[in-house]
Every structure is written in C-alpha cells, then in structure tokens.
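The values are calculated or read from the model by the stated rules, or taken from the named source; none is laboratory data. Since this is a predicted model, take the numbers as computed values, not measurements. Using ideal geometry, Cβ is built from the backbone for each residue, glycine included, and neighbour counts are taken over all protein chains shown. For accessibility, only protein heavy atoms count, side chains too; no ligands or nucleic acids. Shrake-Rupley method; radii C 1.70, N 1.55, O 1.52, S 1.80 Å.
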Amino acid sequence: MALSGMRGLSVFISDIRNCPNKEQERLRVDKELGNVRTRFKNEKGLTPYEKKKYVWKMLYIYMLGYDVDFGHMEAVSLISAPKYPEKQVGYIVTACLLNENHDFLRLAINTVRNDIIGRNETFQCLALTMVGNIGGREFAESLAPDVQKLLISSSCRPLVRKKAALCLLRLYRKNPDVVNVDGWADRMAQLLDERDLGVLTSSMSLLVALVSNNHEAYWSCLPKCVKTLERLARNQDVPQEYTYYGIPSPWLQVKTMRVLQYFPTIEDPNTRRSLFEVLQRILMGTDVVKNVNKNNASHAVLFEALALVMHLDAEKEMMSQCVALLGKFIAVREPNIRYLGLENMSRMLLVTDVQDIIKRHQAQIITSLKDPDISIRRRALDLLYGMCDVTNAKDIVEEILQYLSTAEFAMREELALKAAILAEKFAPDLSWYVDVILQLIDKAGDFVSDDIWFRVVQFVTNNEDLQPYAAAKAREYLDKPAIHETMVKVSAYLLGEFGHLLARRPGCSPKEIFSIIHEKLPTVTPSTIPILLSTYAKILMHNQPPEPELQNQIWAIFTKYESCIDAEIQQRAVEYFALSRKGAALMDILAEMPKFPERQSALIKKAEDTEVDTAEQSAIKLRSQQHPSNALVVTDQRPANGIPPVTQLSLVKVPSMSSNVDHNAAEQGLSPENGTLSIVDPQPPSADHQADLLGDLLGPLAIEGPPSTDVQPQQNIVSGVEDFPNAVEATAIVPVGEQTNSIQPVGNIAERFHALCLKDSGVLYEDPYIQIGIKAEWRAHHGRLVLFLGNKNTNPLLSVQAIILPPSHLKIELSLVPETIPPRAQVQCPLEIVNLRPSRDVAVLDFSYKFGNNMVNSKLRLPAVLNKFLQPIPVSAEEFFPQWRSLSGPPLKLQEVIRGVRPMPLLDMANLFNSFRLMVCSGLDPNPNNLVASTTFYSESTRAMLCLVRIETDPADRTQLRMTVASGDPTLTLELKEFIKEQLVSIPTASRAPGAAPPAPPVLQPTSPPSAALTDPGAMLAGLL
C-alpha cells in the first residue's frame, strides 16, 4: 500500500500523532471529516487522485475507532475504476467499512463478478480477497459458481486458485445452504493431486470444512490425503519456501491429519499400512530442540498425529509408544510442551488398555502439581483425577490432600471437590473415606461445599459399624483450638446422633461432649446455630434420666434463643424446650435419624459443571464407566416395624408406565396395574439391590431429588384373591373395602396391554361375558381409538359404564356409551385423543357392567402411550451429527448406564426399537456393538421434535448398556429415556402356589433423573466418527 505522493494524507496522520490528548485528536478528526464531507458533496470536481486520498483518510479515521457514516458510496464506486491504484483502494476500504448486509454492496456485485471472470489476475485477487473477507449471502448466491470455476481452472495461476479456494471456504462456512458442493468429491480428489503446495494447502482447508459436514461423499479423497502425508513425511518434491525450519509444510500436514480424523475408519489395508508408517515416522522423528519455532511446528504435527492414532484405534504397541512419548514430554523444561503432554495424556485415557501404561508416569504427573504455571497444575490435576482407580486411589488422594495446604485459592475448591469424589468412588473402606473428608474439611473448610459433608453424614448414618469411629474422629477434631465452621457442623451432627456410643470412653460423657460443642457456639454464624440446638436436644434425649445440671444448662440455652430474631433458630429453641419437658417420651420423639434412602450423588454433577475441556470430560466419563465404585455402599434396610423412614432426602419421583392411577387412588395408597388392584406396601429398596444402584449413585449423570415424602408405589397381592395363582395379573380393580370381583378375566391383562403398546389393534380385556377390543389410528399428536364392546352371551349386559381417567398430558373425549349391550352384539365407542406434551403417564379406563347378580368393575390402562406419538424417520450422517453436536449436554442430552437389562442379541434389540417406532440407523456408529436410532415426537407443546438415541452395549455383559438420548425439549428427553429404560429392564415377578404365604413386594428400580451438567457425549461420538 504505497502512500507516497499523498502529502495531504501524510500531514493528517502526522497531525493526529502530534495531538497531546484525546480531545485534541477528536477535534482534528472532526475537522477532517467536515472537510471530506464538503469535498464529496462536489464530487464532480474531484479527480481520481483526490477521491482516493479522501477515502484513505476515511479508512484511517475508522481505524482510529471513530464512526464514519458517509463516503461509502465513493469507496464502492472506486471498485469500478479501470486503474489498479483506484481499484485497490476501493476494494480495501469497502472490505473494511461495509458488512455483509450493507445495501451498497449490491451495487458492486456486477463489477466484482466481472473482475473475477476477467483476465486480469491482479483484479481477480483483489475481488476474491474482498469477497472472502465479507462473505455475504448475496455474494455467495451470485459469485460462488464463478469462484468454483476459478478453483478448478487449469489456466489460472496458483496465486489465483489458492485465493479462490479460501474464498469458497469462507462462503461455504457462512452460507452452507447456498454454496452448492454436490458432486464435488471428484473435483476435490483432483485438487489433492495438485503439485503446488499453496493451492494444496488452501484446498485442504476447504476439504476440512466439507468432510466435517458430510464425510460419506468424500471417501475418494482419503487415499489422496494419505499420499499427501507420505509425500511430506519423505520430503519429496517440497519447495524450499514451504519448508519451515526443516519441517515440510507443517500446516498442510496438520490439516491433512485433521481431515483423516473425520473418517470413521480406513478399510483398505494398504492405505492403512501406509498411513501408520507415516505416523510412526512422525512419532519417532520428533524431539525437543532449543529452537522455539521449530519446536512449535514439529509438536503441532506430532500432537495431531497422536490424535489421529487414537482415532484410528492403533495397535497396542503404537499406543504404548505414544504414551511413552508423552511421558517424555511432561518431564521437559519447556512449559508449553509439558502442558500439551499432560493434555494429550488426558485424551489417551479414552483409549482402552493404556491406563496401566499411563500409571507408570504417576510420579512425574504428581510432580507437575507443584509447577509454577497454574495451567499446568490444572492439567496435572485433571489427569490424576481421570487416571485414578481402586489401585492408586489412596496415593492420589493423599497427594491431593498434601498439595491442598499449599495450593492457591483459585484451585482449592476444585481440589477439594475432586478429592471428595475420588474418596467416595474408590475408597477401600469407609473409615478411610471418613478420614479423608474430615481432613479435607480441616485443611480447606472454606472450599468444601455442603454437599460433601452431607454425603459423609449419609454414609455414616447408613452404616452402623462406622458410627462409633466417625463420632470418635469428630470428637478428636473438636479438641483443636481453632477449627472451621463446617467442621463444627459435621462434628456436632455426628456427636448428637452417635455420641452416646462413646459414653464409656474417657472424655466422652454427655456433659463433656456438650461442653466442648458449646465452646464453639460463640464462634459460629446463625446458619450453624440450628444444628447445635438439635445436637443439644439429642444429648438430652440420650441422657435419660437427665443430669439436672446438664439439663438446666441446655434449657438455659433454649430459653435464650426463644426470642431470637431468626425464625428458624427461634422455632427450634421453642419446640426443643417444650419437647425436652416430656421426660422419657423424648426417646421416642427424638429417635435416631432413620437410614437415608439410596440417592444420587451431587458431587459428580458439581464437578461436571466446573469442567470445560472436552478431552477431560471424556476421560472422566470413561473412567467412571470402566471403574465403577466397589467400596462405598449406602445400605438402606427396612425398619423392623415395617414403617418406611420419611426424611427430607428422597429420589425424584417420575411416573411409570406400570403405575398410573388417578390422584385419589394415589392418595389412598393404591397402585393399579392394568385390570388389577395393588395395595401399596411402601418400603425403600432392599439391600440386595444396592450393588446395582451404586453405579448410578456414583455415575456421571447424578442429581439430587427435591424434598419429597412421596413413596414409590409397589405391588402386593389383593386381599381376597390369594387362592388364585398369579392373582395380581388376573383380578379386576375394585376400591378397598368393596366386594371383589367373582368374575376372573381370561388371559393375562398386562401382556395384552403391552402387546397393544406395540400394535394398533387387538384385545384389551376379556372375561366370560364381555370382550373389549381396540383399533387405533395415530397421526402426529392426534389419535383416534375405537373401543369394541362385545357381549359374548345370550343375555344382555346391564348398567354399562365407561369413564376415562386421563393424565394431565392427554386430552381425551369419549363418545356416549350405551347402558345396555344386547345379547351377541357389539357396540363401538370412539375416543379422540390429543397429546399435549411428553409424558409416560397412561390413561385409565374405568369400566363396569352388571351380568345377572354379578357387578364387574375393571380399571384398564389404555395403550395411548408415549411411543404412539413417535414417527420413525431415517437420518443420514450429515443430518445426524450437526443435530447431535447442537444438543450439548443436560437437560437436552441425557446419558445413563443401565443395569439389569434383559439379555438379547443386538439384532433383537434393533427389532425391539423398531417396534417402538424408533428407526435404527445403520452405519452411523462404527462400533458394531452400538445402535443409533432416530424418531420424531409429536405433541401440541413441542410440535414435531427430532429425537436421537445411542445405545452402547458390552458384548461380554449383555445385562448392562449405556444409553444417550437427545432432543430439543428437556421433558421429552427425560421421558423418552425412562420409557426406553422401562422396556429394556426386566423385573421378574415370582408367582406362588395357592395357599402359599404372600410373597414380598417386588422392588421397583428407582429412576435416575438427569444431570444438569453433563459432559458432552456428542463430542465423544464425533471423535469416534
């Protein structure tokens, strides 16, 4: 950009630089803008030189940060100038001042097109540069075909063609729906044969964008990419100007390996062998040298090669070589290389069979925790967290605790959270877990969230053998002269609940425990005082008959806080004071806390909320999948008196297909199945089920349920029908206290219902007198369902009534049902159904009739279930992956490891999915043990909503799998995930012989609510594919 000869512009720039302050600069700019505006008004008197000079001044003023809201037309008009100096100014200033939506650009489209298709290469380069910088939709529609012609033209110089490739890349990124690249696979393959490395590098950048959206169309480019890598690795025919510090075109090598990572696999053995030879050469030939620029270039190539090796799932020997190389890098002095080594070693955790090799470098990784650079320390912490398992958990947690004392405040919260999670997941015994958490609170109390000490209280409460040990450790920490307030909370709680177990130990009498806790009262905030008051009340409860002196001291405290301004403290003081006067009855009123029900851990969720790096998330998810905890089991046994504990901790209650009733029945404790009455006998999950729940408890998708006292309904045998085998499935529903049906149904009603969930016509219910059939049609979120009521006898059926009990998400209208059905006749009763929103709740048909002296009443579930509003839809790779990536994490994308799955071959599972109207899309997942399915859900609230499902199975264990469900609606994602889970999990019900004792109620597996912060599985899937 030569400005020689423009004296006025040089003087203006000099004046601006000599301004002593900002105000003087503004005055000089305003004066110049006024002068330019005046000269532009008399445009006819302007020479090309003057117009060019004033436009340069406008651009300089714009670069200084001032608004330039005039002169745009003059800049655009210079584009059509016949001479290069004016045209150059026009293109540069237009590209800088105008955006893609500016109206003046339309005036220049024809001129720009003429320059592109013209013979002047300089003008072509100017036009391509401006179009590439602006990249507007109108430019894409009008100029993309001409740019494509320039790119593939054999008569154009490489300078023009590489600018054309970059210009087309910009247009494609901005407007992929406008730039037509159909059928470009062959042309791209031809471009990859280009000998000029400038054109080849630009074309490779374009290919990266194309294959990221649709790699299926560009398989023909794969061998060409491998040949390009071979050419560069062997330094064949590489001009000197493209050799950077002895490395042949490192940018082209990186782009080529990036392209190869978009292809799921390489089938051709020769191509695969050639590629691995190149990768081996890169791995062996990269070393750390003193020259920083050469280091940067060589390691950029190396780390891209490592990513490609992981993507292609190379042999274990090459994987071991990669880990060894990374172990070498994390020990060098250069901080950037150490950082990249730690980051890529975290990514290597995704690869199976290399975790043991990574553990060999554990000492060096721990040393990196003491690095002066905080970013390296964070990467070392992430890597330690990801590589931890039962074999090294003690060492890693102890190192984290030791580092916690000296770590800067910015990392302490993350350190505390990860130490707590690792201690919970991989503890060899519970006493060690308690020690770790109490040390954590002692060393970093300000950074320990309430969730951590809540969790340790839950474990101690649910494990009786642990209670004396935990109480003794809490008593030891209270002896310290200064402890954190969180330690006061947890110690007070543990000693209040379990301090009586230490009564015979020296220094642990009720009076001594009260004294040492009461010493901490003046130092705590009002939020802790309610816990201390509860502890005092518990001490009184365990000290019956009470010591008068201790009782008077505690009563004095209660009396003091009865007038406290804090409502919570005041209420507790008043109530505890009144309760403590009841004497021995206090033992029953303030009994020990019951065992907590099994619940999800909030710590994993919180950890995921703080993580940003995709590789780290993937590694953590893989570790949690490969190493489920086998140490901490929260037992939850049924109390001896049979009454379930009611606490403020409960699982999220999600409606189930097997329990859908009206609210009155739910309040009465009734849980109806189709045509059956089930009396709820509430109890928490049995201890036998805890092992299966533990994976969910500590899995990557954990969430805390809201406070609730609702109890999950469970099934029992109806009173009065014990003499019938399988009576639960055979009886009709009647309210408690009314006469039971003497008429038994024909066949299994539950099986009929489940069959109708998969087909649209069949028999819903049948007994000796009547048959109820169904025929249904479903279209989008509307359904039409016809009930066929057939009288099978020669006498009429009287007092026929049919009442629909619809759930809140369905709008159902039932036509008039006749009160009498004539002998051997059939009547039709149509129902109109509208789906308002996603839900798994099921409508219930309350049907009754009278035959002779028999009054029969049945409550039947109608098969208007969630999958009826699904419409299977095939999804191609170019449609699937953008959708999958756009749904980034909870609550739109949920993942769960499901155990207790009915074992079945993968083909049977695919057929099962198809029967649910989920279309299995073959070829999207390269792992033959996985399934990918798609469907569209219809409701009034969501309209047509695309749903994507991915199932990852383990061939060695068909009883468990990992399921990921994604959609644009959080409720739909949750409901669809739980619906599929119900169909896959088998809960057997044992039948008994007549006269046998009633079986124990079967345990229903609690549902696993979604996490709010999950790591993105779409990124993992994109990495696999």
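Observations
Each row is one residue, and each column tells you yes or no for (1) part of a helix (DSSP H, G or I); (2) within 39 Å of the chain's Cα centre (by Cα).
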position	(1), (2)
227	yes, yes
231	yes, no
236	no, no
253	yes, yes
257	yes, yes
262	no, yes
273	yes, yes
289	no, no
293	yes, yes
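- Cβ-Cβ contacts under 8 Å between residues 6 or more apart (or on different chains), taken from a first residue in the range 420-437 that is basic (Lys, Arg) to a second residue that is open to solvent by 10 Å² or more (accessible area, probe 1.4 Å) and in a helix (DSSP H, G or I), are listed as 425/624.
- Residue check for residue 942: buried (at least 17 other Cβ atoms within 10 Å of the Cβ), within 30 Å of residue 780 (Cβ to Cβ) and modelled with pLDDT under 85: yes
- Checked against the criterion of being out of contact with any Asp or Glu (no Cβ under 8 Å at 6 or more places or on another chain) and on the phi > 0 side of the Ramachandran plot, the range 247-266 has at least one qualifying residue.
- Single match in 195, 187 (criterion: open to solvent by 30 Å² or more (accessible area, probe 1.4 Å), closer than 25 Å to residue 249 by Cβ and not in a loop (DSSP other than H, G, I, E, B)): 187
- Residues being crowded, with 16+ Cβ neighbours inside 10 Å and assigned to a helix (DSSP H, G or I) - total across the range 97-122: 9
- Comparison of 882, 822, 890 shows that the only residue that is outside the structural domain of residue 753 (by the TED database), surrounded by fewer than 22 Cβ atoms within 10 Å (Cβ to Cβ) and not charged (D, E, K, R) is 882.
- Number of the exception - residue 68 against (1) assigned to a loop (DSSP other than H, G, I, E, B); (2) in the same structural domain as residue 139 (by the TED database): (2)
- Candidates 470, 474, 492, filtered to the one that is open to solvent by less than 10 Å² (accessible area, probe 1.4 Å), farther than 26 Å from residue 573 by Cβ and either part of a helix (DSSP H, G or I) or modelled with pLDDT of 90 or more (or both): 470
- Scanning the range 370-391 for residues that are closer than 17 Å to residue 433 by Cβ and either basic (Lys, Arg) or open to solvent by less than 10 Å² (accessible area, probe 1.4 Å) (or both) returns 388, 389.
- All positions within the range 123-133 that are among the aliphatic types (A, V, I, L, M) and open to solvent by 10 Å² or more (accessible area, probe 1.4 Å): 126
- Residue count, the range 228-265 (criterion: of a type outside the set (S, T, N, Q), crowded, with 16+ Cβ neighbours inside 10 Å and in contact with a Ser or Thr (Cβ under 8 Å, 6 or more places away or on another chain)): 10
- The range 344-367 residues that are touching a residue at least 60 places away in the same chain (Cβ under 8 Å), paired with ones that are open to solvent by 40 Å² or more (accessible area, probe 1.4 Å) and not in a loop (DSSP other than H, G, I, E, B) (beta carbon under 6 Å, 6 or more apart): none
- Qualifying residue in the range 545-556 (condition: touching a residue at least 24 places away in the same chain (Cβ under 8 Å), touching a Lys or Arg at 6+ places or on another chain (Cβ under 8 Å), under 18 Å from residue 497 (Cα atoms) and of a type outside the set (Val, Ile, Thr)): yes
- Considering the range 557-587, the residues that are within 45 Å of the chain's Cα centre (by Cα) and of a type in the set (D, E, K, R) include one that is surrounded by the most Cβ atoms within 10 Å (Cβ to Cβ), namely 572.
- Single residue of the range 401-441 satisfying the filter (over 20 Å from residue 477 (Cα atoms) and aromatic (Phe, Trp, Tyr)) that is least open to solvent (accessible area, probe 1.4 Å): 426
- Residues of the range 899-919 classified as under 26 Å from the mean Cα position of the chain (by Cα), within 21 Å of residue 948 (Cβ to Cβ) and open to solvent by 40 Å² or more (accessible area, probe 1.4 Å), total: 3
- Yes/no for residue 899 being touching a residue at least 40 places away in the same chain (Cβ under 8 Å), touching a Pro at 6+ places or on another chain (Cβ under 8 Å) and not hydroxyl-bearing (Ser, Thr, Tyr): no
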